[in-house]
Every structure is written in C-alpha cells, then in structure tokens.
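A short worksheet on the structure shown next.
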Protein chains: 2
Amino acid sequence: MMSELVPNTGDGAVPRAFAVLELLALSNEPLRLSAIALRLGMQKSTVHRVLATLVLLGYVEQEEESSCYRASLRLWELGTGLVAQHPVKRAAAGFLQQLHQATHETVSLTVLSGDDVLYLDKIVSPRPIRFTSRVGSRVPAPLTAGGKAMLAYEPGARAIARRTRQRIQDKRRIEIESLMSELDQVREAGFATSSFRPGVESFGAPIMAQDGRAAAAISVSAPTSRLSASKREAIVEQLLATCADLAERVGAL
Amino acid sequence: MMSELVPNTGDGAVPRAFAVLELLALSNEPLRLSAIALRLGMQKSTVHRVLATLVLLGYVEQEEESSCYRASLRLWELGTGLVAQHPVKRAAAGFLQQLHQATHETVSLTVLSGDDVLYLDKIVSPRPIRFTSRVGSRVPAPLTAGGKAMLAYEPGARAIARRTRQRIQDKRRIEIESLMSELDQVREAGFATSSFRPGVESFGAPIMAQDGRAAAAISVSAPTSRLSASKREAIVEQLLATCADLAERVGAL
DNA sequence: AACCTTGTTCCGCCAAGCGGAACACTCAAG
DNA sequence: CTTGAGTGTTCCGCTTGGCGGAACAAGGTT
C-alpha cells in the first residue's frame, strides 16, 4: 500500500541499518535517537540496537555529552578509495588539468547515475563561480550540459526526461519534445550547452565508450559576462579535442 | 574462540553486510561471489542474499556479463557530503589555500583517527611530490609531522606509539622513549618535523581546540632538495601563524 | 515535587536470516 | 560429445537474531 512516511527500501536488519546511516550522513547536524526513530518510523529500541551495531563497526560516533549520534568519516574513507580507482576518473585527471590550463575556466567531470549527473571531479577557475555543485553531489541530468551530452547517446533518455520533469519544481525547465530535439542537435554538433544556473554558461561533451554510449562527460563552465563569441568557440574546440583524446585513452584500457 | 580467518566484527546480518561492502570497496577489482564467500568465511548462499540486499540499496552493482560484483559510487557520494560539512575542514580551506600561496609547497590537513592520521584535505605543490598520500588515506600517526603535532597534546600518545610499533614492519622507525621526548620538544617548539618518506621533509603544527587537545593538524611538505635553512624557517613561521589564526576561528564556532 | 522528555535495558514472540544441499549453467579438459 | 570442476542461483527446514512493546533511569522544564 506504500503507506510509509519515508520511501523505505524495505524491512530487515540491513536496510534499516543503512537507512539510519544515510539519515545521519545526509543530516548536517548530529541527531538524537528519538529524532531518528521518529523520522524513520522505527521503534526506539530498534534504532538503539542498530546504532549500537553501527558504532561498533565504526560508522557512527556518539557524542558523550549530548548523547547525539553522527556519522563518522569511515564512509568517506571508503568512498575516496573507491573513486580514486575509478578508471575514467584516473584517466581523465591529466586531461582535465590540461583543459583547465587552456581555458582558465571551471572544468568538471561527470557520470550518469540514475537520472542524475554525478560530479566526479572538478577544477575550479581562479575566480570561482558561485553556486557551483560540490564534487560528489548530483544534479538532474537534463539540466546540465554534461548531462545532455550523455543523454544524447542514452537509449532511455526520454524516460529520464519524463521522470525528471515529475521531480523538479519548475516544470518549464524541461519540455520533453524540445529536449529530445536538442539531444538530436547535440549528437550532430558533438557538444551540449546549458545555462540553468543564472549567469553561468556551460559547455559539455561526452567521452564515448566502445558500446556507443557515453562513459562520462566533461564540461566547462564560465560566467556569461566573461564569454565572448571567440572565447566560446575556443572553449568548444578545446573541449571536443580533449574528449576525443580521452575517449581514445579510455578505449585503450 | 576467535577461530575466524578474518578479524570479523561479529555475526548478524548488519556486520556481515558491511564486511561484504568493505571488502568490495577496498578491493580494486570486481569480485566474484565465490571469492567473497571464501575470503569472509561465509556461506555462498549467505553472501548471495547479502549482495542482493546491497544491490537493492544501491551500494553494489553487478556486472551483467561476468556477474562480478563491485561497489557503486553510493558510498563515495555519502562520504563527500559528510566531509564537506566537516567544521574543521570548512574553516581550514581558506587558510590552506593561503598557506599554499605563501609557501608554494604541498599543504595537508589531517585529523587523528584511531592510531592513524587521516588526510582530510590537501593542496599539492605545482611540482608535486611523489609518493604523496591520497586524501582519504590513513598513515600511522607517529610517522608523520602532523600526527606528531597532534600526539603531543594527546593523553594516550604512549599507547598509540606502542600499538603502532607492533603494527609496522620496520620497528626501528619508532622508538617509544625517543618519540615521547620528541613530543615534549614539539610542545615547546609548537611544531613537529618528519622525513619518513625518503627525500621529503614535512613540518606539522596542531590546530588547538579549547579542551587542550588538537582538533587537527596542518603540515607542509617539500622535497629536501628544495629546502634551505631560510626556507625552512619561513615555512615554519607561516605554518604557525596559520594554525594560530585558524585555532581562533575554530574556537569561535 | 510532578511532570514531561530523553536514552537505555529487559524479555517474550516470531520471522528473518542462516547454511546445507540441490539446481542450472559455463567453460575447459579429456 | 561427455565429463568434471567451477560458477551463480534457488529452495527449504531450523533456529537464532532481530523485533517492538513495556518498564526503567536520568535530566530538564514547568
């Protein structure tokens, strides 16, 4: 009947434990036991047991004075190890650096994750853009330049667009048909653009894999005020060259 | 009876699930179901069930062709959110940048985690040092400059030194009594030095909290070949100034 | 002092998790 | 082609670990 307060993934010990851990990780302040039990619709004693296990495993710490619980850095430690050995990120690091040197603008590496774009890496411009997405954060793919660059080669692009439209607040941002035709143009031109953040313009291109889909995308973002027609042209040219080189490298490994 | 092959944290569904997840996260290649069962001393059917749960929760992905399992980027995603809101790291970011500008050398931010130092942040020198520790990695605290800077104000320093001596391979690296007297000197001078990596010299100073212990440490590392007496002096001076300023800022929040 | 909270502990009930065994399948050697 | 040793997956009976209600202790606030 879907009568849960929270979109719970199911019952059982493991899903519960992860629900608690995620809640703690996403919350920016330490949480009380009761607050966790309330927000997850679980029994206090259950939450207590789960927390005891997580503390034992080192994923959660309990502040001794306030008896609040917060996630430890264990998750982060495991996570950084994961992304450090990510093949695309490893291969891309030097190319991103080089592209940043050439353009002097903010350069990002993203992959598709569900309906979102996940920021794997980023080199910020010396004069950084405000409201930039943090590395490790996710943004609906159809909004971003890198996301559109990847969606152009994704079979399920239309479904992603529909789901995203349901999800976001300002529905005018995504009109399905215009987006789909934009993706056609992206396939032709080889790059996508986006200005979904006010005052910031982005250019994104896919890193193509052998199977015809995009393994990742690189995007260059700059404030509109700093962009001229010739600068835009130069950015796109350097971006496409970088992605082509990188695709060759990725294909080789 | 402690008859486990692996230092297992205990039985039950949740510890098992985390054992599997950690194994996958730490392994740099995708693992087969049998390999996991073997290495953790678990039944195949148990591993299968656990993996199914982890896949459902989005922490593990299964390659469709080889049916291997690997950790997804979910852990990393949660982890980056965690460290991004870490108060010390947030406060330190600007100071690290500034210290890097002043010294043009590699600057690191570390915290104490167990008996280790955990690298929270790092700004690498334009001519980067080889064999540098990755952000998110851990190194035995008594080996590093930042670690010694923090241990100098840690009550359990001696115990940490003993445990670390047991743990490492080259026991000559740590002589308990000489380390303890070195920590005394660190308290007097306000900074520590280390050259546990061949050819690299590091200077570390603590960021003091109100309780008289070190909340974190900043260290500056440079190849010995690039260091003169005056350069060393300048680095230490700038390092100490930075840590003092930062401690004030951290104390305020 | 009479309430609310909070976190923690206890305990009976029961299902979720466990692991052995059987299954389907692939690949390599015979 | 057949055999065999792997693999991953499924089934199922048993029992243990997890569940949640209730009682408990400790502060904090009215």
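Computed values, structure above
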quantity	calculated
Heavy atoms of A:His48: accessible area, 1.4 Å probe, square angstrom to 10	100
Residue-averaged [θ]222 nm for chain B, counting only DSSP H segments that reach four residues, each worth -39500 (n - 2.57)	-15000 deg cm²/dmol
Among the listed pairs A:Lys122/A:Lys171; B:Lys171/B:Lys231; A:Lys171/A:Lys231; A:Lys122/A:Lys148; B:Lys148/B:Lys171; A:Lys148/A:Lys171, those beyond 20 Å (Cα-Cα)	A:Lys122/A:Lys171; B:Lys171/B:Lys231; A:Lys171/A:Lys231
Part-to-part distance (alpha-carbon centres) for region B:200-253 and region A:40-56, which is given in Å	40
For residues of A:66-77, the mean tally of beta carbons on other chains within 10 Å	5
Ratio of Rg to Rh over region A:139-186 (Cα coordinates, Kirkwood Rh, two decimals)	0.91
Cα gyration tensor, the protein assembly as shown - rounded (a/c under 1.5), prolate or oblate	oblate
Other protein chain Cβ atoms within 10 Å, averaged over every residue that makes up B:18-29	3
Cβ-vector label at 7 Å, A:Asp211, separations to other copies in nm	5.0
Volume per residue of the C-alpha convex hull in region A:13-77, rounded to whole Å³	81
Cβ-based charge dipole, chain B, positive-most Cα from B:Met42, B:Leu118, B:Ala214	B:Met42
Residue order for A:Asp245, B:Asp115, B:Asp211 - accessible surface, 1.4 angstrom probe, largest first	B:Asp211, A:Asp245, B:Asp115
Spatial separation of Cα centroids for region B:61-108 and region B:127-195, in angstrom	23
For B:Ser113, residues with placed amide H under 5 Å, excluding near neighbours	B:Leu118
Average beta carbon contacts from partner chains per residue of B:114-121, 10 Å cutoff	1
Three principal axis lengths of chain B [C-alpha, angstrom, descending]	63, 38, 38
For chain B, size of Cβ-based charge dipole, Lys and Arg +1, Asp and Glu -1, in debye	400
For the pair A and B, total buried accessible area rounded to nearest 100 Å², probe 1.4 Å	3600
Axial C-alpha extent at least 30 Å, average Kyte-Doolittle at least 0.5 - helices from chain B (DSSP)	none
At 1.567 mPa s and 4 °C, Stokes D of region B:139-253 from Kirkwood alpha-carbon radius, µm² per second	89
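The values are calculated or read from the model by the stated rules, or taken from the named source; none is laboratory data. Here the structure is a predicted model, which is why all the values come from computation and not from measurement. Methodologically, a virtual Cβ is constructed for each residue, glycine included, from the backbone with ideal geometry; neighbour enumeration extends over all protein chains shown. The accessibility values were calculated without ligands, DNA or RNA, using every heavy atom of the protein model including side chains. Shrake-Rupley method; radii C 1.70, N 1.55, O 1.52, S 1.80 Å.
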